[in-house]
Amino acid sequence: MYETEIHVVGNVVDVPRHNRTANGSVTNFRMASTSRRWDEEAKSFVDGATLWIDVACWGELGGNVARSIAKGDPVLVVGNLL
């Protein structure tokens, strides 16, 4: 109820996997988000660290995700860390 919600922008790095479990259906995929910043000395953007996240989408959301995204797609993931 009082969990902190996070928003992460990145790209899907593997093929989403849709499975049925005893608790319902779930779609899992991995995403990566790399920070970028302007380097005044180099006069260009430079990449920072990459954040790797395993994502699980349950129920009807998982089915929609499985049908809608593919490896390489940009995504905005909203959820809680578990």
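The values are calculated or read from the model by the stated rules, or taken from the named source; none is laboratory data. No experiment lies behind these values; they were computed from the predicted model shown. Methodologically, a virtual Cβ is constructed for each residue, glycine included, from the backbone with ideal geometry; neighbour enumeration extends over all protein chains shown. To get the accessible areas, we keep the full protein, side chains included, count just its heavy atoms, and leave off ligands, DNA and RNA. Shrake-Rupley method; radii C 1.70, N 1.55, O 1.52, S 1.80 Å.
Among residues of the stretch 3-21 that are over 16 Å from Asp54 (Cβ atoms), those with a Cβ under 9 angstrom from a residue that is open to solvent by less than 60 Å² (accessible area, probe 1.4 Å) and modelled with pLDDT of 95 or more, sequence gap 6+ or separate chain, pair up as His7/Val77; Val9/Ser33; Val9/Val75; Val9/Val77; Arg20/Val26. The residue that is least open to solvent (accessible area, probe 1.4 Å), among those in the stretch 5-27 that are in a loop (DSSP other than H, G, I, E, B) and touching a strand residue (DSSP E or B) at 6+ places or on another chain (Cβ under 6 Å), is Pro16.
In the set (1) modelled with pLDDT of 95 or more; (2) open to solvent by 100 Å² or more (accessible area, probe 1.4 Å), the condition left unmet by Met31 is number (2).
From the list Val9, Val65, exactly one residue is out of contact with any His (no Cβ under 9 Å at 6 or more places or on another chain) and at pLDDT 95 or above. Which is it?
Val9
Would you say Thr4 is of a type in the set (Ser, Thr, Tyr) and modelled with pLDDT of 95 or more? When the stated conditions are applied, Thr4 does not pass them. Residues in the stretch 34-53 that are more than 29 Å from Ala66 (Cβ to Cβ) and open to solvent by 100 Å² or more (accessible area, probe 1.4 Å): Arg36, Arg37, Trp38, Glu40, Glu41, Lys43, Phe45, Asp47. Within the stretch 28-52, the set of residues being assigned to a strand (DSSP E or B) and of a type outside the set (A, V, I, L, M, F, W, C) comprises Asn28, Arg30, Ser33, Thr34, Ser35, Arg36, Arg37, Asp39, Ser44, Asp47, Gly48, Thr50.
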